[in-house]
Each structure stands twice: as C-alpha cells, then as structure tokens.
1. Can you tell me how segment B:308-428 classifies by the Cα gyration tensor, rounded, prolate or oblate, using a/c under 1.5 as the rounded cut?
2. Using only the Cα atoms, what convex hull volume per residue in Å³ does the protein assembly as shown have?
3. Kindly sort A:256, B:291 by accessible area of their heavy atoms, largest first, with the probe set to 1.4 Å.
4. Write down the percent of antiparallel bridges among all DSSP beta bridges whose residues are both part of the protein assembly as shown, to the nearest 5.
5. Quick one: what do you get for chain B if you divide its Cα Rg by 2.2 N^0.38 Å?
6. I need the calculated FRET efficiency for the pair residue B:286 and residue A:40, taking r as the beta carbon distance and R₀ as 56 Å, to the nearest 0.05.
7. For segment B:203-299, state which GluC sites (Glu not before Pro) are in a DSSP loop and have at most 13 other beta carbons lying within 10 Å of their beta carbon.
8. Does anything in segment A:41-66 have its amide N under 17 Å from the 7 Å Cα→Cβ label point of residue A:356, and if so which residues?
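The values are calculated or read from the model by the stated rules, or taken from the named source; none is laboratory data. Please read these numbers as outputs of a predicted model, since none were measured by experiment. Cβ coordinates were reconstructed from backbone atoms using ideal geometry, including for glycine residues, and neighbour counts include every protein chain displayed. Note: accessible area is taken over every heavy atom of the protein model, side chains too, but ligands, DNA and RNA are not part of it. Shrake-Rupley method; radii C 1.70, N 1.55, O 1.52, S 1.80 Å.
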Number of protein chains: 2
Amino acid sequence: MNKEIPYKIYLEENELPRQWYNVRADMKNKPAPLLNPATLKPMTFEELRPVFCDELIRQELDDTTPYIDIPQEILDFYKMYRPSPLVRAYCLEKKLDTPAHIYYKFEGNNTSGSHKLNSAIAQAYYAKKQGLKGVTTETGAGQWGTALSMACAYLDLDCQVYMVKCSYEQKPFRREVMRTYGAKVTPSPSDTTQVGRKILAEHPGTSGSLGCAISEAVEAAAHQEGYRYVLGSVLNQVLLHQTIIGLETKTALDKYGIVPDMIIGCAGGGSNLGGLISPFMGEKLRGERDYRFIAVEPASCPSFTRGKFAYDYCDTGMVCPLAKMYTLGSGFIPSPSHAGGLRYHGMSSVLSQLYHDGLMEAVSVEQTSVFQAAEEFARVEGILPAPESSHAIKVAIDEALKCKETGEAKTIVFGLTGTGYFDMYAYEKFNNGEMTDYIPTDEDLKPGFAGLPHVE
Amino acid sequence: MNKEIPYKIYLEENELPRQWYNVRADMKNKPAPLLNPATLKPMTFEELRPVFCDELIRQELDDTTPYIDIPQEILDFYKMYRPSPLVRAYCLEKKLDTPAHIYYKFEGNNTSGSHKLNSAIAQAYYAKKQGLKGVTTETGAGQWGTALSMACAYLDLDCQVYMVKCSYEQKPFRREVMRTYGAKVTPSPSDTTQVGRKILAEHPGTSGSLGCAISEAVEAAAHQEGYRYVLGSVLNQVLLHQTIIGLETKTALDKYGIVPDMIIGCAGGGSNLGGLISPFMGEKLRGERDYRFIAVEPASCPSFTRGKFAYDYCDTGMVCPLAKMYTLGSGFIPSPSHAGGLRYHGMSSVLSQLYHDGLMEAVSVEQTSVFQAAEEFARVEGILPAPESSHAIKVAIDEALKCKETGEAKTIVFGLTGTGYFDMYAYEKFNNGEMTDYIPTDEDLKPGFAGLPHVE
C-alpha cells in the first residue's frame, strides 16, 4: 500500500456506497427512544405518522438493521455532487510544519454549501414516494433550508421553510437561493401558525430561534393535507443518511491503506459528526479497531461539555416528542455574539449515548480562535470554510501542533462540512477585529436546566 | 469506446495537463500586436517591463511556441482544486426531453467561485519568482480579485485590488472574502492615484468602471518599487493559462470517445471561452477536425455582435497599450440595469481575430432569458450558476431544443465558469419579477465608437 497519496482522493462512481450504515445496530446501549410528551411512553409508529413520512419513521425507530439500501433515485441524485473529495491537507501540514498527516472530507462542493443535502434528498424522496404534496421545515443559518429546497425542486415537491427571523433579515441571500429553487420562505415566529402567534404575543420583539421555527414547521405540516415535517439534524434518520460521508471516507482511506488515529467533527445537532464517524465507530463497537473521536462544539453553546444527559423538549413550543440527549434545556438561546450555526440546545440521541458511554470525546472552543483557524486554513488550502466547519479545523490544527511537539506522525481526519460564502458578516467582524467571545457562566445556564421536564 | 458515461468525468492526478496550449502558434492570421499609444508601434519587451512581470511578457508576445510547460509549483496549486469535473447534464437533458447530449465543464468548485484562479496562480507565481513584493489589479464583479487574493495568500505576496466602486458597495461579501485572504481592497475611482483623482474631479458622483479601475491599478504598480500589474482576462497570457480548462475537457472527452459538435462559452474579455475552445480550435486550424464554436455575450454589452474590429484603448485612463479587438469603445459603459459581469467594452485579440476569420460564431442574449435558463438549470442540475456562466447555459438549452425539433442527437459542450453565490441581488430581482432587459440602440453605441483612436 505504498501508492503516492494524491491531494484529493476521489472515488469512482462504482465505488460509491449503495447502503447507509445504521450504527445503532452495533450499539450495546441503544439510544433512548423518543417519548410522547403526554403519556411519557415511547412514541409509536402510528403516533409519529401525522408529522413524519412513513419510511422515515421506520428508519427512525429501527435500531437493529445494520445496513439499509439507498434507493436508486437517491443514488442518482448523489451522483450529481458525490463522491465528495477526501483531501490530503499537504499545504496546511507544511504551514504548520507538523509530522502529522491531515485529511479532510469536504462536503461543501454543492450549491447548498454543506453536507445537509445528503439527508435532504433522502427525506424529500420518501415524501414524494408516499405521494405527498410537500414538506415543511425550519432553518437557522440556512444550510438545511437551502439543501431541502434543492432536493424538492429536483423532485417537484412543494417546500415551506420557516427561517429564524434574525437569519431571514441578516441573510437575505440565503433566502433568495431558497426562493430560486422555488421554496416558500417565512420568517419565524410568524402569524401563520398558532404557536407562532402565541410566541409573538408573549415576546413581540423576538428575533426567533431554531426551537421556535421547529414548532411552527411541525404545526404547519400537521395542519395541511398531504404535508409532513422534515428535520435536518438531531434525528436518527438524519445520522443514518449522513453516514454516506463516513462510508466514502472509509473507502477512500482503505484504498490507500490509511488508518486514522483520530476523527474530528464539529457538533451542533450531530448529523455531520455522526455521519462521519459511524462506520469507524462501528469497528470500535465491534472490537475490531480503536479510534479517537472528537466532537467540537462552540464554548457559547456547549451541549456535550456542560449540558445534562436528560430527556428534553426538542422545540420551544413543546409540540415535538421528548428526546434523551445532552442538552442545555430547550429554553437556552446562545448569546447574540455567537456567529454561525451549532446553536441547537440539544444533541443527537445516538451521539449522546456514545459520549455517555465514553466512546467519544468532546471539547469546546471559542469563536475568535475558530475564525483564526479558518483564516489560516483558507490561506493555504484555498477553501473558505463555514464557521461551523472551522470548529473542527481549530481542533485538527491543535492536534497537529501537539504532534509537532511530540514528533508523532499521527493521522488526523476531520470533516469540513461546508463553505462560508454566506457567512461574510461574521468574517467581516473578524477581519475588523470586532469579534468577541462568550462563555456562559453556570448562572447563565441555570434557567435552561430549570426548564427540563421531569422524566426518569 | 462503449463505456457507460458517468455523471461526472474526473481525471486522475496523473492525467492532468502539464503544459498550456498556445493557440496562436497554429493561427495563420496572428492576432495583431499591442501598440504603444505614443508611437503606435508594437510594444516591445522592454516597454512592457515597468508594468508586467518578465515571464508573463514573454508569454504575451510569444505567438509561435505551441506548448508551454506549467511550472511544478503551479501544478501543485492546481491539484488543490483541479481537475474540475466534466459533467454530463443527464437531468437537464431529461427535463428538456432532448436527444442532444449535453456536457459542461464546471469551474466553480473553488473558493474564488470561478475559472479565474487558473490564471491568478500563474501570474502570482511568476511575480513571486521574479522576486517582487506584490501585485496590483482591478476587479469588477469580484471573481478575479478573489482569485488573485487566494493565489497571493498562498504565495505570501502582497495583493492590492482596485474594486469598481459600485461593486465595492453592493458586494461587501466579495470584499470581505478578499480581505480574509489578506488583500488590500480600494474602491475605484479613489484618491490614491493620479488618474483616480482626475476621474473623481471630472465625475464626482461616478460609481466607477472596469476601465477606470484598470487605469488606477496600472498606475499603482508603476509607482511602487517591486510591484507589477496583473489582469484577469483579455490578454494572450490569460487565455494561455486558461487552456487548462480546454485541455482537461479534451482529455476527459477523449477518454470516453466523445466528439462534441459544438462548444459554447460566455464571453466578456474572453478568457474562459478562449481557454475552453483553444485545444479544439487548434484541431480546426490544423484541419484535423471541425467544430462549431459559439461565443455568448450580453445584448447589453455586445462587443462581438455589434462592436467594431479596431485598435482601441484597454482602459478609461488610456494608460495601457492599444489592442486590436472587437470593441464598443473604451468609453462604453453598460446600462445600470445590466447585472453581473461580461461588461468589458472590448474582447481578447486572439478571439477577435478568430471571429473575424469566420472560425467561430457569436450570439447575444438578454438577461431575463439568461436568468430563466439559470433557474431551470439550477433546479435540475443542482448548481447555482453565476449570471455570466448562465449566458452559455441559455444558448446550450436553445441548441438542445433545436435538436429536439430535428431529432438530432448532437453533442453540446459548454463552459460553466462559476457559481452565483455572490450574485443574489440579481437573483432577488429576477425572483421578484423586477429584472429588465436593455439593448442599446445604434444611437447609444455612437459615443463609444466616436472615441476610438485613429489607427490603421
């Protein structure tokens, strides 16, 4: 296996994965089930049907089938923008003067600018196959809404996006991309839903939150004939679809006989990180090989590192099922100084369980250092990274610099989830030296925790 | 050669071109030389040295060497984002229900968002090799300035960009990308140059133009020790570097035994079009094979289709050499309703000569129809195209629809030069139904023509 390793490892079309991998099948401690907030009993298939598509519910509840076939229509769509490249960061290594070998899996080479498209096309496909008219969703920074708009345009499916109001206003370009793909975009909270009107009445000046937009989108789906709600992260089904990232990464590494020592990903709801690490975590769970897995989250929204492992509401309006996860409480909203995504109060139940069982690590980083890493990376590797992705860059650089000290030639793989084209407000702040850091005090976290439901 | 054709044809790293192709070597009628505006004699190497880098002047003046080696350092940089994919537009073909086979060479998969990086790295490299401190340039829509900033950051070279004032104000995000890569960005006209101050005095409220920004950048280069001026289009050297596009395209097509009937590209200054068609044009010039070549330009800036083939100034301040080209006159400025780039008054001398000799065709299209094509393309092919690139899409769709009428399975290749992330103002206008078309009357064109210098 001494082939020279190219800058970018691309797979051939016939090397593309044809199945998603369901890591839950290999977990001894399964993630806790979603609970019905009224009965506190596990949500059944029938209870979930008014909100989610049938096939997606099956995937959500299935914690035993290890591999699930990717339908041909989804494979065809994947071929339009996949495989994504696994890049050897030769230039970054040289700049850092590190003996470490650094690789990144780049998911930004599609118009949505991120990995979100991997699950968007799957969810839209199952909705279409069920004969639905359309889907509703929420979007914060806008990557998920863009991805879903693209998938729906391709399948000729109606797409209604509730966009967090401050993003709607501060990111008009994101909104226009979605509109170009034919989506209807509504700033949230809005007066188009009961829960939106209620929130507006209670907080007239609110600029919205992800939890609130979720509540509106769920209500909108439930109240329209032929519509269902879809979500871009957190859920088991989303992690499942995102395993295309990890499966491609593993195939590319295997092709050149490369074995990573550690795999690093940013974590908001967990979809990218879960998708990237799943196939490797499977090996670890089955006792075949050991890896370090590092989740990186913002210090200003530290679900893993400072959250509680508990059942919590997934949304502000409390219309969704309860999920057991590392959470800051559904009432937690990151400081306005927090730029970019990774601002969800909770975390994937799958990743939460794995973290709880000591199978992965988590660190939190402050945003000024994240933008420093982003700029350093951009200047040598060319790609302008999304602020979210740059959390992973920061820790990859830190680890590579540790190797420089110890002289170890470790192999580091990280997920570069997307591009920062729509985040130039944040870059501008950084360029002007106006960016600030914020770490919530224990006192700041108390109200969120106080709002946790009392569930064993 | 009956391999099934994949969605995307990627070349292996060892299939990447290692030489640029200089189409002038195969032209019987060579493009007319640059003239010294004072003497009206061909510019010599020595006369060009205060403004341009030595090696680039050699490339500019060399119309006999057919292949020029690409230095290893440039090849290494190319590997970071090249090869670019040649995509079979299966989804667009299906949507149009056409028997035509459509391919596009996609140059948008790098942070500059366009093909401009191919020449930016070459020019920055030769500047660095000459021991210079930095380079100056102008940018309009901002693709070139971004590309040059990236190349200079990589090589640790100072980069000063004069950005057309209206773009500087309307595209703050473009500006911030350049700043993130360490460039100094000045709105033009500015008071940092003599020519800028002169233009400001004569037209105090001006929002600037490309021709004016060129004048400022040239002056800035000439007045700083260790600086030279670089340009993103029009020049022979730029076309040369951009042949990497056409060479990769040809290698990819040859791999699958595909022979295009026509090759379509948008044309502003001509760099993308020239780079794409050069290797194919070479075959045509040598009598080996015939192809149709179609240049597509905006109806609002119709250099090829309504311009004069004459010597003209390259810039507003008339500090540059004269070039013989299809031109609307250096005083021509497109209507403010014109969105996006492709707004240069002239055209590459190489392409002008080829067009004049009947070796290629040109058509002009109106922008509303261009955005319609862009939207149609985006919804089925995923990629959100730049307005410039969408000119080529429009004509590719037109040609594919002609095939539908005649039942011919022609093979169409077009250049998709970049992405539209920074053009959402224009898309917003289109989405809101507020976009208008503008075709200059013959009367409108008169003042530009009146300003042409009197040179035989």
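1. Oblate is the answer for segment B:308-428, as a/c is 1.5 or above yet b/c matches or exceeds a/b.
2. Spelled out: Cα convex hull of the protein assembly as shown, divided by residues, is 165 Å³.
3. A:256, B:291
4. Working: 36 of 102 bridges.
Around 35 percent antiparallel, to the nearest 5.
5. On the way: Rg = 20.5 Å, N = 456, 2.2 N^0.38 = 22.5 Å.
Rg over 2.2 N^0.38 Å, computed on Cα atoms: 0.91.
6. 0.10
7. Those that pass, being in a loop and sparsely packed, are B:225, B:288.
8. A:41-43, A:63
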